[in-house]
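Colleague: Have a look at the structure that comes next, please.
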Amino acid sequence: MTDTTLSPNGPRTLLRSLWRDHRVCLTTATILLLLAVFDPLQAVESARFAGASLLHTAPYLLLSIGIAAGAGATGADNLVARAFTGAPLLMIGLGALAGGLSPFCSCGVIPLIAALLAMGVPLSAVMAFWLASPIMDPSMFVLTTGVLDLEFAIAKTFAAIGLGLVGGFVVHLLAQGGGLSNPLREGVGNGGCGGARVRAPKPVVWRFWTEPERRATFAKTAISTTLFLAKWLLLAFTLESLMLAWIPAETVTAALGGEGLLPIATATLVGVPAYLNGYAALPLVGGLIEQGMAPGAGMAFLVAGGVTSIPAAMAVWALARPPVFALYIALSLTGAFAAGLLFQLWSLA
């Protein structure tokens, strides 16, 4: 085996590897280090704020981890495959419901979509699942309740399912006219962990603790989920502390506050490039709402960011043909704006 540290490219390779595997933690550490050098008081305050916020959300975090680990150990995510059987309109409804409620692993969503389309499942049903899936799942519901509130979590769940339903029906109507045939790019297959669940779904074993392999899966998933959520939430809470300290409330209120359509439209568009991660976005939106952001704008930001964030959009672009990609983006943005508007009207009622 070659020792990469002895080669000219060794240090560079090592740095790339460290950044790839620990970029979120390194980013948080870098922010705190820079603060310690240039603004020590803010460094202490940011560290205190992040720690206290993480402690406050700990009960919801533990429940969220348990849900994710239990889904992997029991095989509950195999239930998603059962949503894509039956009449087209029924499949749209079940696809939207599965997308909004299923604890499906993020690594499996794109292969799952490829598998469904390659197997001939109508694009309308797949689009319903595709649009709803990134917005909400049981773990996200629990954390949204803890970081924001229960009303916001319920509204976001309805937004996810509603966006899936509307998107699925729109695609169904377009497909009736002969459009959107052959949605996958050339060479995209139906492989991957998500595709396997559809091709050969396995039974769900709720008493997972009786099998050593499933207990091991539970432990592995719990550890990986804990590390994933902790590092993203620490970064988010650190950024939230800086946002609360450095961004005047009047600025947020002027740009994203109020009762008109402009704040919601602005949040919808800003959500695309500014969205970090579904879990990390929650504290940021909570901080913005404290600063004067309209609730409807917060909802629009979360929905638009979840579906059309740059990483998610890149994955869709790699998988689908340009017309399908364009439709996906258009449905996401209009749906996010509508969700924000409806939530704003509900908040004012």
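Each value in this text was obtained by applying a stated rule to the coordinates, not by laboratory testing. Quick caveat: nothing in here was measured; it's all calculated off a predicted structure. Here the Cβ positions follow ideal geometry from the backbone for every residue, glycine too, while neighbour counts run over all protein chains shown.
Colleague: How much length is gained if the chain between L62 and F228 is pulled fully straight, taking 0.36 nm per residue apart and subtracting their Cα-Cα distance, in nm to one decimal?
Modeller: So the chain would gain 58.5 nm between L62 and F228.
Colleague: How high is the FRET efficiency between N182 and L34 when r is their beta carbon distance and R₀ equals 45 Å, given to the nearest 0.05?
Modeller: Values: r = 50 Å, r/R0 = 1.11.
The computed FRET efficiency comes out at 0.35.
Colleague: Amide H of A320 versus every other amide H placed in the peptide plane: which residues, excluding those fewer than 5 positions away on the same chain, fall under 5 Å?
Modeller: R185
Colleague: Just want the ordering: V270, V37, from fewest to most Cβ atoms lying within 10 Å of their own Cβ. Please report the intermediate quantities before stating the final value.
Modeller: On the way: V270 17, V37 9.
Starting with the residue having the fewest Cβ neighbours, the order is V37, V270.
Colleague: What spacing in nm lies between the two simple spin-label points modelled at L269 and T27, each 7 Å away from Cα in the Cβ direction?
Modeller: Taking the simple label geometry, L269 and T27 are separated by 2.4 nm.
Colleague: Taking the simple approach of a point 7 Å from Cα along Cα-to-Cβ for both L261 and L173, what is their distance in nm?
Modeller: 1.9 nm
Colleague: Extending each Cα 7 Å along its Cβ direction at E151 and A245, get the distance between those two points in nm, one decimal.
Modeller: Once both label points are built, they end up 3.2 nm from each other.
Colleague: Oh, and also: Full extension from K220 to A349: what is 0.36 nm times the residue separation minus their Cα-Cα distance, to one decimal in nm?
Modeller: My answer for the length gained is 41.9 nm.
Colleague: So between E45 and R321, what do we pick up on full extension, going 0.36 nm a residue minus the alpha carbon distance?
Modeller: 94.6 nm
Colleague: Moving on to the next point. Can you list residues from other chains, or at least 5 along the same chain, whose modelled amide H is less than 5 Å from the amide H of S102?
Modeller: Correct list: empty.
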